[in-house]
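K.L.:
Below is one structure. I have some questions about it.
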Amino acid sequence: MSQNMQNMKPNVDVREATHVEVGGQIQKISSTWGISPEGKFEKGGFGVVTTNGRRVPMLEASRYFKQEERPGQ
């Protein structure tokens, strides 16, 4: 397992996620859409936009991850 993956907590809520798995690849999230500032899901679905500009709707995401800081890093 890569050092980067060791710091990832899998299967987190999209509202807490820092990364998304799509098409077998894990990509960093730059923003979300379809989620209100209060954290409620809006009608019509939700999703994320990755740092490379890919828009990933909820139905295309395999799972979400949260990158956690480890002591000493």
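The values are calculated or read from the model by the stated rules, or taken from the named source; none is laboratory data. Computed from a predicted structure; not experimentally measured. Cβ sites come from the backbone with ideal geometry, for glycine too, and all protein chains shown count toward neighbours. Heads up: the accessible areas ignore ligands, DNA and RNA and are worked out on the full protein's heavy atoms, side chains in. Shrake-Rupley method; radii C 1.70, N 1.55, O 1.52, S 1.80 Å.
K.L.:
Residue by residue through the range 14-31, note down the ones that are open to solvent by less than 90 Å² (accessible area, probe 1.4 Å) and out of contact with any His (no Cβ under 8 Å at 6 or more places or on another chain).
P.N.:
Keep residues of the range 14-31 that are open to solvent by less than 90 Å² (accessible area, probe 1.4 Å), which gives 14, 17-24, 26-27, 29-31.
The answer is Val14, Ala17, Thr18, His19, Val20, Glu21, Val22, Gly23, Gly24, Ser30, Ser31.
K.L.:
Say whether the condition of being surrounded by fewer than 10 Cβ atoms within 10 Å (Cβ to Cβ) and hydroxyl-bearing (Ser, Thr, Tyr) is met by at least one residue in the range 32-50.
P.N.:
There is at least one residue in the range 32-50 that is surrounded by fewer than 10 Cβ atoms within 10 Å (Cβ to Cβ) and hydroxyl-bearing (Ser, Thr, Tyr).
K.L.:
Okay, moving on. Grab the strands (runs of 3 or more DSSP E) fully contained in the chain, keeping just those with 2 or more residues being at pLDDT 95 or above. Give the derivation first.
P.N.:
Working: elements: 8-10, 19-22, 25-33, 47-50, 55-57, 63-67.
The qualifying strands (runs of 3 or more DSSP E) are 19-22, 25-33, 47-50, 55-57, 63-67.
K.L.:
Sticking with this one: Could you go through the range 35-49 and let me know if any residue there is closer than 15 Å to Gln67 by Cα and out of contact with any His (no Cβ under 7 Å at 6 or more places or on another chain).
P.N.:
No, there is no match, as no residue in the range 35-49 is closer than 15 Å to Gln67 by Cα and out of contact with any His (no Cβ under 7 Å at 6 or more places or on another chain).
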